[in-house]
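The block underneath contains the structure these notes are about, expressed in structure tokens.
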Amino acid sequence: MTIKTSETSVIKRSQINLNPLNPKRHTEEAIKLQKKNLQKIGFLGGIVWNRITGNLIDGHRRVYAMDLLYKYDGRKETDYDIKVEVCELDDKTEKEQLTYMAVGNTKADYDLIAKYANDIDIHNVGLSDSDIKDILSFTDTDIESVTDSIDDLILPPAEEEKPIPLEKTAEEKKQHVKDIKEQVKENAEKRQVDEEAYIMLSFTNSENKQAFCDLFGIDISDKFMKGEKLLEMMD
């Protein structure tokens, strides 16, 4: 049995359309973390591009981050080369694969990462502060160092200035970890609600997008805009 494989090719960024139907949610924070990883390691590939439509199937976050690095704004002067996995899909199959790759996108096993968290620079692997809090909450090894790390991430500046007892009993340490884990759980629940506080706009063509941007004085190359700022413009 032979499995069909994609063709690897280098194309211009201007040949890529950011798929307006992409179901994956990419926050501004996630894209900045991706940019940081690109700067550290470089581009490792994995962009899936449909030659027939010019649309991305997978890799939007990496392209967004590359755009930031190259300051791409659609002009020839800012165009750049990018390696892609080329496929040729009809409209129906493209939508199916777009959905498959979004639905199949799994969340990392934080409990497993916690087992080797001390072996890596956990602040430099593309994780957000909230992710790191969640991971550290899973580990109960080396309690002193773990609770110190969690304190650094969770405590607000005013509380950080308060003196912390140098010595704690084993029971106090366990209770401290328990309290921190409860706080992490509460923060995670609130963060889940806050992550839904967004809306996506799409336009039938670039002319309509340009008209919208002109109406509100938005730079057409901008990828994100705070809803509160738009509300202020509408007042």
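The values are calculated or read from the model by the stated rules, or taken from the named source; none is laboratory data. Predicted model only: the values in this text are computed from it and were never measured. Please note: Cβ atoms are built from the backbone with ideal geometry, for glycine as well, and neighbour counts cover all protein chains shown. SASA here: full protein model, heavy atoms, side chains in, ligands and nucleic acids out. Shrake-Rupley method; radii C 1.70, N 1.55, O 1.52, S 1.80 Å.
Does at least one position in the range 33-46 carry a residue that is under 18 Å from Asp91 (Cα atoms), aliphatic (A, V, I, L, M) and either open to solvent by less than 60 Å² (accessible area, probe 1.4 Å) or part of a strand (DSSP E or B) (or both)?
Just the residues of the range 33-46 that are under 18 Å from Asp91 (Cα atoms), to begin with: none.
Within the range 33-46 (the criterion being under 18 Å from Asp91 (Cα atoms), aliphatic (A, V, I, L, M) and either open to solvent by less than 60 Å² (accessible area, probe 1.4 Å) or part of a strand (DSSP E or B) (or both)), the answer is no, since none of the residues qualifies.
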Is there a residue in the range 49-65 that is of a type in the set (Asp, Glu) and surrounded by 18 or more Cβ atoms within 10 Å (Cβ to Cβ)?
yes
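Can Thr99 be described as out of contact with any strand residue (DSSP E or B) (no Cβ under 9 Å at 6 or more places or on another chain), at pLDDT below 90 and among the hydroxyl-bearing types (Ser, Thr, Tyr)?
Numbers: out of contact with any strand residue (DSSP E or B) (no Cβ under 9 Å at 6 or more places or on another chain): yes; at pLDDT below 90: yes; among the hydroxyl-bearing types (Ser, Thr, Tyr): yes.
Yes: the conditions hold for Thr99.
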Identify, by number, the condition in (1) within 30 Å of Asn19 (Cα to Cα); (2) open to solvent by 70 Å² or more (accessible area, probe 1.4 Å); (3) at pLDDT 65 or above that Ser130 doesn't meet.
(2)
Scanning the range 47-83 residue by residue, those under 16 Å from the mean Cα position of the chain (by Cα) and not in a loop (DSSP other than H, G, I, E, B) turn out to be Asp58, His60, Arg61, Arg62, Val63, Tyr64, Ala65, Met66, Asp67, Leu68, Leu69
Cβ-Cβ under 7 Å pairs, at least 6 apart or on other chains, the range 218-232 side at negative phi and at pLDDT 70 or above, far side polar (S, T, N, Q) and not in a loop (DSSP other than H, G, I, E, B)
Ile220/Gln210
Count of residues meeting criterion [at pLDDT below 90 and hydroxyl-bearing (Ser, Thr, Tyr)] in the range 7-44:
1
Mind listing just one residue for me: the one in the range 1-32 that is under 14 Å from Asn55 (Cβ atoms) and part of a loop (DSSP other than H, G, I, E, B) and, of those, most open to solvent (accessible area, probe 1.4 Å)?
Leu21
